[in-house]
There are 2 protein chains.
Amino acid sequence: MYPLFSDEYFMNEAMKEAYRALEKKEIPVGAVIVAEQRIIARAHNQTEALSDVTAHAEMLAITAAANTLGTKYLNQCTLFVTLEPCIMCASASAWAQIDRIVYGAADPKAGYSRIIQDIIHPKTTVKAGVLGEACGEMMSNFFRDKRQA
Amino acid sequence: MYPLFSDEYFMNEAMKEAYRALEKKEIPVGAVIVAEQRIIARAHNQTEALSDVTAHAEMLAITAAANTLGTKYLNQCTLFVTLEPCIMCASASAWAQIDRIVYGAADPKAGYSRIIQDIIHPKTTVKAGVLGEACGEMMSNFFRDKRQA
């Protein structure tokens, strides 16, 4: 168990979402959005189920969180996501002026940070590598199993 | 009237969507997605109505087009949009491997091209400035009226 309301605690919740994606044979990425230590949105990647490239976990979580709060600005929220956001999701987080992003595994291929770091909103802080190994293992296992299938 | 199925013809259809946004006091951006000279998706900016930063015209159009076609890849489609896509929307178009992007007015503030040109998919071609003046006027009138309100 992780200390209540720690970054690891919430990342573990994001990992539960990633497992849900995995069960549906989606790329296992999960996200939760937290405001005042409460999870106000949960989502997992649904690009296959919805046949929609925009249905990344973060995008769905941002939409759901804004819906919960009744405002499109999430400047008091933290996004926890198991994989480093891509440019689309990083840009969405910037439009939402999200307060903080915490991600698990780095994504050397499509992660925003190798391509353009300052796409993130200037007020957003970023923490990388929280439960990074476990999050990364879900991804590598998924793609290994896919290659062997 | 514009020649049937010309870029101007479809951009004019995107402008009709932008007017719909304007009527709802949304930032007036409209988009259509065309496959084999048929409009398969129409959308306008709904960030205010949906309280959702991800509800840009292009994002909604990409989701709708994928839904119509039953595939998330839009590699036979052209996106017509009245304003230069932002990074989020340009990245979504790359995930969708869209064949072509045609936009009206440039967006010197949030348009992708000044920030990072190669966010677009390498197979995607881009044409800028189609009915650009009229598209740009809608935007500048909107913001002028907003400042005076």
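Restricting to region B:47-73, name every residue that is more than 8 Å from chain A (Cβ to nearest Cβ), in contact with an Asp or Glu (Cβ under 7 Å, 6 or more places away or on another chain) and surrounded by 21 or more Cβ atoms within 10 Å (Cβ to Cβ). Correct list: B:A57 only.
Before we move on, is A:I39 surrounded by fewer than 23 Cβ atoms within 10 Å (Cβ to Cβ), in contact (Cβ under 8 Å) with a residue 24 or more places away in the chain and in a strand (DSSP E or B)? Answer is yes for this residue. Considering B:C86, B:C135, the condition of being at pLDDT 95 or above, crowded, with 19+ Cβ neighbours inside 10 Å and within 14 Å of another protein chain (Cβ to nearest Cβ) is satisfied by B:C86 alone. Looking at this structure, is A:I27 within 14 Å of another protein chain (Cβ to nearest Cβ) and in contact (Cβ under 8 Å) with a residue 60 or more places away in the chain? So A:I27 passes the test. Could you grab me the full set of residues in region B:108-128 that are assigned to a strand (DSSP E or B) and either in contact with a Leu (Cβ under 6 Å, 6 or more places away or on another chain) or hydroxyl-bearing (S, T, Y) (or both)? The answer is B:T125, and nothing else.
For region B:112-121, the criterion of being modelled with pLDDT of 95 or more, over 27 Å from B:P3 (Cα atoms), within 12 Å of chain A (Cβ to nearest Cβ) and surrounded by fewer than 18 Cβ atoms within 10 Å (Cβ to Cβ) is met by no residue. If only residues of region B:54-70 that are touching a residue at least 12 places away in the same chain (Cβ under 8 Å) and not in a helix (DSSP H, G or I) are counted, the one that is farthest from A:A55 (Cα to Cα) is B:H56.
Would a scan of region A:84-107 turn up a residue that is closer than 18 Å to A:E23 by Cα and either in a helix (DSSP H, G or I) or over 15 Å from the mean Cα position of the chain (by Cα) (or both)? No, because not a single residue in region A:84-107 is closer than 18 Å to A:E23 by Cα and either in a helix (DSSP H, G or I) or over 15 Å from the mean Cα position of the chain (by Cα) (or both). Total residues in region A:42-52 satisfying the condition of being touching a residue at least 24 places away in the same chain (Cβ under 8 Å) and either over 30 Å from B:L74 (Cβ atoms) or in a loop (DSSP other than H, G, I, E, B) (or both): the figure is 4. Taken over region A:74-83, the criterion of being crowded, with 24+ Cβ neighbours inside 10 Å and hydroxyl-bearing (S, T, Y) is satisfied by A:T82 alone.
Looking at this structure, is A:K109 surrounded by fewer than 22 Cβ atoms within 10 Å (Cβ to Cβ), modelled with pLDDT of 95 or more and not acidic (D, E)? Criteria not met by A:K109.
The values are calculated or read from the model by the stated rules, or taken from the named source; none is laboratory data. Here the structure is a predicted model, which is why all the values come from computation and not from measurement. Glycine gets a Cβ as well: all are built from the backbone with ideal geometry, and neighbour counts include every protein chain shown.
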